[in-house]
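Bear in mind these aren't lab numbers, they're just calculated from the coordinates by the rules spelled out. From a predicted model like this one, the values you see are computed outputs, not experimental measurements. All Cβ positions, glycine included, derive from the backbone under ideal geometry; neighbour counts span all protein chains shown.
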Amino acid sequence: MKKPVLVILAAGMGSRYGGLKQIDTVGNNGESIIDFSIYDAKEAGFESVVLIIRKEHEEAFEQALGAKIRKHMKVIYAYQDMNDLPEGFMLPVGREKPWGTTHALLACREILDGPFMVINADDYYGKESFKIMFDFLSNDIRDHEYAMVSYVLENTVTRSGMVTRAVCENENGYLKQIVERPRIGYSEDVLCVEIEGKMETIDPLSQVSMNYWGFTPAVIPYFEFVFKRFLQKELEANPMKCEHVLPTAVGEGLAENMFRVRMLTSSDRWFGVTYREDKPMVTEALAGMKQEGLYPFDLWK
């Protein structure tokens with residue numbers, strides 16, 4: 001079996017954050033969150049990383065990230081091109097928003113030839129999860145039997161505003177259902193979710209997806225199919241902003257019995273910079289981990 005590959009989704013626009021947050025500095029030695037994720041992946045056994053970016057950001061990524069990690073990991077760039085659409089579809093005039101994470105992953109379809117894991121660029125996942133997923137990808141994965149790492153909801157939310165989370169239902173260790181909830185946040189210290197325009201309480205111990213997946217290339221043709229189906233249904237109604245995301249693609253695959261997804265769980269606390277107001281907390285947390293000896297001061301020395 002081929003060695004597992006790390007794939008990082010880093011082509012988003014960061015509209016809520018206000019800038020290219022994927023490589024924004026959060027560490028006390030000039031690191032971005034991606035630095036910590038790649039370091040944890042390397043420690044777990046990964047040797048190659050594919051960075052899915054927008055072509056116009058390549059120089060910025062190479063200066064901030066690629067050049068310093070290349071001597072430790074093989075670095076490959078894949079480009080999410082908004083014009084890369086199925087036959088019969090064209091980019092709407094004036095659209096700037098990317099097509100979402102399902103489309104982003106398809107940018108790797110000519111690169112991936114073995115098991116791989118997928119994560120977001122702007123999420124800190126914790127060391128445990130990389131070891132769990134590397135072990136699964138190295139020993140247990142097979143075509144149509146994939147995996148995710150889920151997190152406890154209350155460990156993944158911010159006090160700075162609403163977040164989107166995919167709430168997961170576990171049945172005998174496998175993902176039964178996954179529902180994307182675009183507005184989850186605190187209201188007077190109570191965790192709530194917006195459903196059909198009304199705020200309702202939600203169990204803080206709910207399991208959620210943080211876009212942390214383990215697949216084989218056998219999933220790619222199905223994701224191509226669901227993305228094309230999405231365009232057929234949604235493009236005309238919402239040409240400027242419609243998008244398709246990986247939790248939705250996985251949910252469709254489960255509903256259509258295309259594959260199974262094992263639910264691996266992590267007790268680590270998630271950190272992320274959905275909003276600029278989140279940055280000081282993330283910076284403090286990562287500095288504290290260095291003080292505790294979880295990371296060296298210089299990750300790439």
Among LEU153, ALA285, THR164, flag the residue with its Cα farthest along the positive direction of the charge dipole of the stretch 5-291, charges on Cβ as +1 for Lys/Arg and -1 for Asp/Glu.
-> ALA285
The stretch 39-72 to the stretch 217-253: how many Å between their Cα centroids?
-> 27 Å
Mean separation of Cα pairs under 8 Å and 6+ residues apart, divided by the residue count of the chain: what relative contact order is that in percent?
-> 25 percent
About the Cα centre of the stretch 102-228, how large is the charge dipole given +1 on each Lys and Arg Cβ and -1 on each Asp and Glu Cβ? Please answer in debye to the nearest 20.
-> 200 debye
About its Cα centre, the chain carries a charge dipole, from +1 on Lys and Arg Cβ atoms and -1 on Asp and Glu Cβ atoms, whose size in debye to the nearest 20 is 440 debye
Long-range amide H partners of HIS144, meaning residues 5 or more apart or on another chain whose placed amide H is closer than 5 Å, are THR216
What ranking do ARG183, ARG159 get, fewest neighbouring Cβ atoms within 10 angstrom at the top?
-> ARG159, ARG183
Among MET148, MET240, MET281, which comes first, then next, by fewest other beta-carbon atoms within 10 Å?
-> MET240, MET281, MET148
Listed residues GLY214, GLY272, GLY30; largest mean-square fluctuation, Gaussian network over the chain with Cα springs below 10 Å, found at GLY30
Grab the DSSP H runs of the chain that are 4 residues or longer, score each as -39,500 (n - 2.57), total them, divide by all residues and round the 222 nm result to the nearest 500 deg cm²/dmol.
-> -7000 deg cm²/dmol
Of the residues MET82, ALA237, HIS72, the Cα lying farthest along the dipole of the chain towards its positive end, which is defined by charges on the beta carbon of Lys, Arg, Asp and Glu, belongs to HIS72
Just grab the label-to-label distance for GLU284 and LYS233, each label 7 Å out from Cα along the Cβ direction, in nm (one decimal).
-> 4.3 nm
Within the chain, what's the longest stretch lacking GluC sites (Glu not before Pro) that sit in DSSP loops with no more than 14 other Cβ atoms inside 10 Å?
-> 111-187
Farthest towards the positive end of the dipole of the chain, among GLY253, TYR39, SER209 and with Cβ unit charges of +1 on Lys and Arg and -1 on Asp and Glu, lies the Cα of TYR39
Between LYS198, LYS279, LYS127, find the one with the highest GNM mean-square fluctuation for the chain; connect C-alpha pairs within less than 10 Å.
-> LYS198
Listed residues ALA166, ALA60, ALA78, most fluctuating in the chain (Gaussian network, C-alpha, under 10 Å) = ALA60
Which pairs break 24 Å Cα to Cα here: LYS2/LYS228; LYS3/LYS290; LYS71/LYS131?
-> LYS2/LYS228; LYS3/LYS290
Within the stretch 257-296, whose backbone N sits under 20 Å from a point 7 Å along Cα→Cβ of LEU205?
-> 263-270
